[in-house]
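Participant: Structure in structure tokens, see below.
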6 protein chains.
Amino acid sequence: MFELGVVYRNITRADRAATERLAAFGSATVHEAQGRVGLLQPYMRPIYAGAQVSGTAVTVLLQPGDNWMLHVAAEQIQPGDIVVAAVTAPCTDGYFGDLLATSFMARGARALVIDAGVRDVKPLTGMGFPVWSRAISAKGTIKATPGSVNIPIVCAGMLVTPGDAIVADDDGIVCVPAAQVAATAEAAAAREALEAGKRARLAAGVLGLDMYGMREPLAKAGLRYID
Amino acid sequence: MFELGVVYRNITRADRAATERLAAFGSATVHEAQGRVGLLQPYMRPIYAGAQVSGTAVTVLLQPGDNWMLHVAAEQIQPGDIVVAAVTAPCTDGYFGDLLATSFMARGARALVIDAGVRDVKPLTGMGFPVWSRAISAKGTIKATPGSVNIPIVCAGMLVTPGDAIVADDDGIVCVPAAQVAATAEAAAAREALEAGKRARLAAGVLGLDMYGMREPLAKAGLRYID
Amino acid sequence: MFELGVVYRNITRADRAATERLAAFGSATVHEAQGRVGLLQPYMRPIYAGAQVSGTAVTVLLQPGDNWMLHVAAEQIQPGDIVVAAVTAPCTDGYFGDLLATSFMARGARALVIDAGVRDVKPLTGMGFPVWSRAISAKGTIKATPGSVNIPIVCAGMLVTPGDAIVADDDGIVCVPAAQVAATAEAAAAREALEAGKRARLAAGVLGLDMYGMREPLAKAGLRYID
Amino acid sequence: MFELGVVYRNITRADRAATERLAAFGSATVHEAQGRVGLLQPYMRPIYAGAQVSGTAVTVLLQPGDNWMLHVAAEQIQPGDIVVAAVTAPCTDGYFGDLLATSFMARGARALVIDAGVRDVKPLTGMGFPVWSRAISAKGTIKATPGSVNIPIVCAGMLVTPGDAIVADDDGIVCVPAAQVAATAEAAAAREALEAGKRARLAAGVLGLDMYGMREPLAKAGLRYID
Amino acid sequence: MFELGVVYRNITRADRAATERLAAFGSATVHEAQGRVGLLQPYMRPIYAGAQVSGTAVTVLLQPGDNWMLHVAAEQIQPGDIVVAAVTAPCTDGYFGDLLATSFMARGARALVIDAGVRDVKPLTGMGFPVWSRAISAKGTIKATPGSVNIPIVCAGMLVTPGDAIVADDDGIVCVPAAQVAATAEAAAAREALEAGKRARLAAGVLGLDMYGMREPLAKAGLRYID
Amino acid sequence: MFELGVVYRNITRADRAATERLAAFGSATVHEAQGRVGLLQPYMRPIYAGAQVSGTAVTVLLQPGDNWMLHVAAEQIQPGDIVVAAVTAPCTDGYFGDLLATSFMARGARALVIDAGVRDVKPLTGMGFPVWSRAISAKGTIKATPGSVNIPIVCAGMLVTPGDAIVADDDGIVCVPAAQVAATAEAAAAREALEAGKRARLAAGVLGLDMYGMREPLAKAGLRYID
């Protein structure tokens, strides 16, 4: 499936404005809004708390212990992109550090999502360049074997196609296919509007049991109360 | 063992005042004070650092990917409770977020301990509602199958009976049976009083080897020094 | 291989001044500077973010669930040392807390690296005593069976000889053999000098592809660009 | 919860005849028959394939790296028992080997279920003494600290009360509370009778879609077929 | 990315004859032959040793704890197919047992590859129906929420498109895109022919160092021999 | 610590006759006999059950995804050796298959112990060449970067020096330093002689409690019996 040794220069990015809107909703709301699909596996964690971003995917397929293609990917970055990287075999090496982050930021990248390790966590935190990764490791990598840039990849269990929208925060990372970004942003906005009212009622002490009308379906499902 | 589809409304909570005292000691001291039993497994981690709480357990048994019973549990919460939730099979889904936290806080809950995933980490941190969980995940859950509330459950390897005292902080989570809370609080206070003196002597450079009289038992156990 | 029940009192520590220099470079640069060897496995994590230290290793081999030898090790600590501890079988118990940290600090220790669990994370953070560990657990330990102090040990997959230099930060932990510390510090300084210039050029938008002359080797390796 | 240092000599075992019946059904059918509760976590694996047993639980709570209580438990074994053992902290040491198995067999034990490691796998296989464990390890244990025998324990995430029925095979291990063994055996027999007929129809090419009448509920749930 | 609630009835299967050829080569040779891509992650293991199969993929996307779509998939099976199943979130439940296997065999299925758990391992072994899974668990599943059949899925980290060829044996599982099956079979045959000669020379004591001409490149790469 | 790019041709192997004796005792007895040290971590598993071997270690340090040094190691094998291989970073790739096994067998190797993956499990089983590994994977490796042969390595958490004796069976793998092999073989023989008598008494129904005189120490340790 995965073509090695190629760089696709022309990819169709999701609509910029709609993609920008997704960041404010966060990964949980976006995940719900697109029908509970698209989430990367939860072993992916941010290197520091609090970042919340969205952007269009530039994808990278890397070889184990080899970060050569991240340099190749840098040239394909456009402002507003998020680089999404996978490796052909599980690897925890530190593929990415402050020098590459400097280059990525200069190109306009918003973040990196990488199913491998990263290093220079302290400088990256200082620079404010957010990274989601499976590991942190001081171990560097070599530059010996080509992978690919901008092919469809599987990152942390999810298929990511170049140009898809990516939303990432403390809760995780969601991939939204380019064609669904606008609709998903609408659905997320609608969901969030609904939640504001619910939040106020719950804060006032109303129970979800009543607010959502759960008592009858629970009784039908056989729930019994015992005093 | 685990009865499904029932909610026990009347549970006997551990003594409130004694339970309140436990928070200040923290999980490590309380664990020692009750004889080194009662600790949940260490894969349970706080979603933010620094919280330290105690409270009485309202227990919840959940179905995989289904958080219906958390809504049912909300109604059973009394001020000073900590909700302790387990799932019938390992699951990392995000069972709990800021809406449920709003409801739990309105009912007087102190914290949530859940052997599954949670989401809305950033809002929860902002609200100051502490959660200990096995995972963080943006993946939501459905409301389809009843579990139970206020039955004895196994959470992260430990049996928790409704009404038991729970102590949680950065070091982990300890369960103290309701009948032992007062005695455990006494033992913890005694232990802490002892430690204050030890701390001062160690800070002054006294060695534990001397302070605890370890040199002779070490020699008896065969320890040899080689120059 | 591992001798049990012995304490070596006279060890040859790496050169103090050269060891001190290593902290500022950090684990990633030091790892590169000594030829990409010496890194402990990345499951070892700091208990709080931001600490960056170097020091000479006092090694400890512990028994499962037994921290007796940490007290024995305290006496062997000299200012500038880092205690490096391993256990004879995988164990997540909390071997170390604020009392031992008080003692270690009084002796001049810089940090603890332990392939096991620790507790009292909040007080340790407050005291500013950095620890790298495989787990955090409130579960205490006993003092029943001797291990050893200042023998060569394997900690998180790496052989550490007493007196070796240790460098630890958010990226991980590196061990530098005593005989190589001066040369490694030189190499790290040279590497860092090079990186400063590179960072400026990358920030200005120069691509790594051009700065490192990668285009030709990539083409030779068969990389194809597709429009 | 867990009382240390005690041995309960008089326990109420599940009905012998009903317990014996359970072995033939296997863990999957018994798990279904009692309402999908009671299963130990699936990391527990048999040391050799093909064994299928049932028996009444003699429970053991062990200390990490210490198998003393297995010797204490041996005396409490009656013919038809299965020893079920847990440890107070995760441990992979080899707690059990061919000598203890010889003793257990002489007492009439049917099997061992242990949430820790075992050794002497080859001799145990030769003796035909089945063991389900979380690990295999040549590392032996000491005999230094008492645990308990015949208290309720949590083994691989499941509460096991002394005298409960245990069913174990290649699919896993199920615990059936003593009071429910007869009813569960009935339900398992009924379930198995039903399955025989289903198996024949499926073998003849009938689809589950038709045999179970799933087509309508699937359509109601929104499933669409696309040609 | 992943469309829920749909069944594609018309898929293009890889060439039958070429697909049949792949089984004899095994997963390692086929993986090499198609350029070292296509391998599912190695946590997938056969439920019994020795099976070696190839077939065309019928794909299934399942919900956690819900095996409804395996019944839907049965109808889409044609002789020579291998069912490849993924779940929308990590799950170890036993989705598949001897009844479904009876149905799948009646339809002509060769095997099941499932990134979840299975049960009835002993009957399945007796029936000779091979399964590769991530877990074995007696825990059953419900039939409540539709997933999809014959959409592209990610199974154990690999993208599998309906109709792709699948090769599985004790070494793992490889996916070969339908369009590449014939070429891959040719390359595998060529590779195997080469290996036969090599095997004979190695068995006669010729070193790989000489047979592959490695001595010079090793010297160039800096390898030093020390007596 | 670990020197890269070197091959030591002259190593001092443990006494051949004493090393040969160790196989019959097995890893558990040898581990006990040398004082409970030397065991590799239990995640190392045999690729097939029943093999039990001993031999002298030829050590190999490999690069991730690169098996070049196994070819270099082949030349250093002498009859009776066991190749012990580690990788500089965690890796599950299949480093070894039937061609290399053919070469190793032609040189007289007894087994391979590798802290990485292997493939060709079925042919290796057929050839009777035993392998202990951390993973099984069809993924092959490249030959690009030198590691080392016959330097001290850390394999699965244990330091292995070239020439040490290795004992491996279904229970795991033990490393015995060359200088201690004869003494360890004596101690193992003594231990085994003792066990034969114990086994007979236990089979006759004598309890370990009585045979080992445990009742008094248990009472002293506070164990209470409750009727």
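The values are calculated or read from the model by the stated rules, or taken from the named source; none is laboratory data. Predicted model only: the values in this text are computed from it and were never measured. Reconstructed Cβ throughout: ideal geometry from the backbone, glycine too, with neighbour counts over all protein chains shown. We work out accessible area using only protein heavy atoms, side chains counted, and drop any ligands, DNA or RNA first. Shrake-Rupley method; radii C 1.70, N 1.55, O 1.52, S 1.80 Å.
Participant: Could you please find all residues in the range F:4-22 being more than 15 Å from F:Val176 (Cα to Cα) and surrounded by fewer than 16 Cβ atoms within 10 Å (Cβ to Cβ)?
Facilitator: Across the range F:4-22, the qualifying residues are F:Arg9, F:Asn10.
Participant: Which count do you get for residues in the range B:61-70 that are outside any helix (DSSP H, G or I), modelled with pLDDT of 95 or more and more than 15 Å from B:Gly157 (Cα to Cα)?
Facilitator: So the answer is 2.
Participant: A follow-up question, please. Which ranges mark the strands (runs of 3 or more DSSP E) fully within the range F:144-216 that have 2 or more residues being of a type outside the set (A, V, I, L, M) and within 15 Å of the chain's Cα centre (by Cα)?
Facilitator: Here the list reads F:172-176.
Participant: For the subset of the range C:182-226 comprising residues that are at the interface with chain A (Cβ under 7 Å from one of its Cβ atoms) and of a type in the set (D, E, K, R), which member is farthest from A:Ile47 (Cα to Cα)?
Facilitator: So, considering only residues that are at the interface with chain A (Cβ under 7 Å from one of its Cβ atoms) and of a type in the set (D, E, K, R), the one farthest from A:Ile47 (Cα to Cα) is C:Arg224.
Yes/no per residue for (1) among the β-branched types (Val, Ile, Thr); (2) in contact (Cβ under 8 Å) with a residue 12 or more places away in the chain:
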{"position": "F:Pro130", "(1), (2)": "no, yes"}
{"position": "F:Ile142", "(1), (2)": "yes, yes"}
{"position": "F:Gly147", "(1), (2)": "no, yes"}
{"position": "F:Gly163", "(1), (2)": "no, yes"}
{"position": "F:Ile166", "(1), (2)": "yes, yes"}
{"position": "F:Ala188", "(1), (2)": "no, yes"}
{"position": "F:Arg215", "(1), (2)": "no, no"}
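Participant: Suppose we filter the range D:42-63 for residues that are under 20 Å from D:Val87 (Cα atoms) and buried (at least 20 other Cβ atoms within 10 Å of the Cβ); how many remain?
Facilitator: The total comes to 12.
Participant: Give E:Thr92, E:Thr88 a once-over and let me know the one that is facing chain D (nearest Cβ under 9 Å), closer than 28 Å to E:Leu159 by Cβ and at pLDDT below 95.
Facilitator: E:Thr92
Participant: Does B:Ala185 satisfy the condition of being on the phi < 0 side of the Ramachandran plot and surrounded by fewer than 18 Cβ atoms within 10 Å (Cβ to Cβ)?
Facilitator: no
Participant: Only one residue in B:Ala188, B:Ala219 is of a type in the set (Gly, Ala, Ser) and closer than 23 Å to B:Ile82 by Cα. Which one?
Facilitator: Only one candidate qualifies: B:Ala188.
Participant: Quickly run through the range F:125-143 and pick out the residues that are hydrophobic (A, V, I, L, M, F, W, C), crowded, with 24+ Cβ neighbours inside 10 Å and not in a strand (DSSP E or B).
Facilitator: F:Ala138 - this is the single residue of the range F:125-143 that is hydrophobic (A, V, I, L, M, F, W, C), crowded, with 24+ Cβ neighbours inside 10 Å and not in a strand (DSSP E or B).
Participant: Look at A:Ala106 and say whether it is at negative phi, open to solvent by less than 20 Å² (accessible area, probe 1.4 Å) and of a type in the set (A, V, I, L, M).
Facilitator: no
Participant: Still on this structure, I have one more. Out of (1) closer than 30 Å to E:Ile142 by Cα; (2) in contact with a helix residue (DSSP H, G or I) (Cβ under 6 Å, 6 or more places away or on another chain), the odd one out for D:Ala23 is which?
Facilitator: Exception for D:Ala23: condition (2).
Participant: Name the single residue, out of those in the range F:4-52 being of a type in the set (Val, Ile, Thr) and either part of a strand (DSSP E or B) or in contact (Cβ under 8 Å) with a residue 40 or more places away in the chain (or both), that is farthest from the other protein chains (Cβ to nearest Cβ).
Facilitator: This residue is F:Thr19.
Participant: Going residue by residue through the range D:175-189, is there one that turns out to be over 30 Å from D:Asp66 (Cβ atoms) and in contact with a Phe, Trp or Tyr (Cβ under 6 Å, 6 or more places away or on another chain)?
Facilitator: yes
Participant: Oh, and also: Just one of the numbered conditions (1) more than 15 Å from D:Arg45 (Cα to Cα); (2) buried (at least 24 other Cβ atoms within 10 Å of the Cβ); (3) touching a helix residue (DSSP H, G or I) at 6+ places or on another chain (Cβ under 8 Å) is not true of D:Leu112; which one?
Facilitator: All conditions pass for D:Leu112, except number (1).
Participant: All but one of (1) closer than 25 Å to F:Gly5 by Cβ; (2) of a type in the set (A, V, I, L, M); (3) open to solvent by 40 Å² or more (accessible area, probe 1.4 Å) hold for F:Ala190; state the number of the condition that does not hold.
Facilitator: Exception for F:Ala190: condition (1).
Participant: State yes or no: is F:Ala179 more than 10 Å from chain D (Cβ to nearest Cβ), at pLDDT 95 or above, within 29 Å of F:Val160 (Cα to Cα) and open to solvent by less than 70 Å² (accessible area, probe 1.4 Å)?
Facilitator: For F:Ala179, the condition - more than 10 Å from chain D (Cβ to nearest Cβ), at pLDDT 95 or above, within 29 Å of F:Val160 (Cα to Cα) and open to solvent by less than 70 Å² (accessible area, probe 1.4 Å) - is not met.
Participant: Related question: When you go through A:Asp164, A:Asp170 one by one, which is the residue that is away from chain B (no Cβ under 12 Å), surrounded by 15 or more Cβ atoms within 10 Å (Cβ to Cβ) and under 21 Å from A:Val84 (Cβ atoms)?
Facilitator: A:Asp164
Participant: Continuing with the same structure: Looking at (1) within 7 Å of another protein chain (Cβ to nearest Cβ); (2) hydrophobic (A, V, I, L, M, F, W, C); (3) open to solvent by 30 Å² or more (accessible area, probe 1.4 Å), which is the only condition A:Ala74 fails?
Facilitator: If we test A:Ala74 against (1) within 7 Å of another protein chain (Cβ to nearest Cβ); (2) hydrophobic (A, V, I, L, M, F, W, C); (3) open to solvent by 30 Å² or more (accessible area, probe 1.4 Å), just (3) comes out false.
Participant: Now a separate question. Would you confirm, using the coordinates I've provided, whether B:Thr92 is within 30 Å of A:Leu40 (Cα to Cα) and open to solvent by 20 Å² or more (accessible area, probe 1.4 Å)?
Facilitator: Considered against the rule, which asks whether it is within 30 Å of A:Leu40 (Cα to Cα) and open to solvent by 20 Å² or more (accessible area, probe 1.4 Å), B:Thr92 comes out as yes.
Participant: Failed condition for A:Val131, given (1) facing another protein chain (nearest Cβ under 9 Å); (2) under 12 Å from the mean Cα position of the chain (by Cα), with all others met?
Facilitator: Among (1) facing another protein chain (nearest Cβ under 9 Å); (2) under 12 Å from the mean Cα position of the chain (by Cα), the lone unmet condition for A:Val131 is (1).
Participant: I would also like to ask the following. Looking only at the range B:64-82, which residues are within 11 Å of B:Leu100 (Cβ to Cβ) and out of contact with any Lys or Arg (no Cβ under 9 Å at 6 or more places or on another chain)?
Facilitator: Correct list: B:Leu70, B:Ala73.
Participant: Let me ask something additional. So for the range D:144-154 (the condition being closer than 25 Å to E:Gly117 by Cα, out of contact with any helix residue (DSSP H, G or I) (no Cβ under 7 Å at 6 or more places or on another chain), facing another protein chain (nearest Cβ under 9 Å) and open to solvent by 10 Å² or more (accessible area, probe 1.4 Å)), does at least one residue qualify?
Facilitator: Within the range D:144-154, one or more residues are closer than 25 Å to E:Gly117 by Cα, out of contact with any helix residue (DSSP H, G or I) (no Cβ under 7 Å at 6 or more places or on another chain), facing another protein chain (nearest Cβ under 9 Å) and open to solvent by 10 Å² or more (accessible area, probe 1.4 Å).
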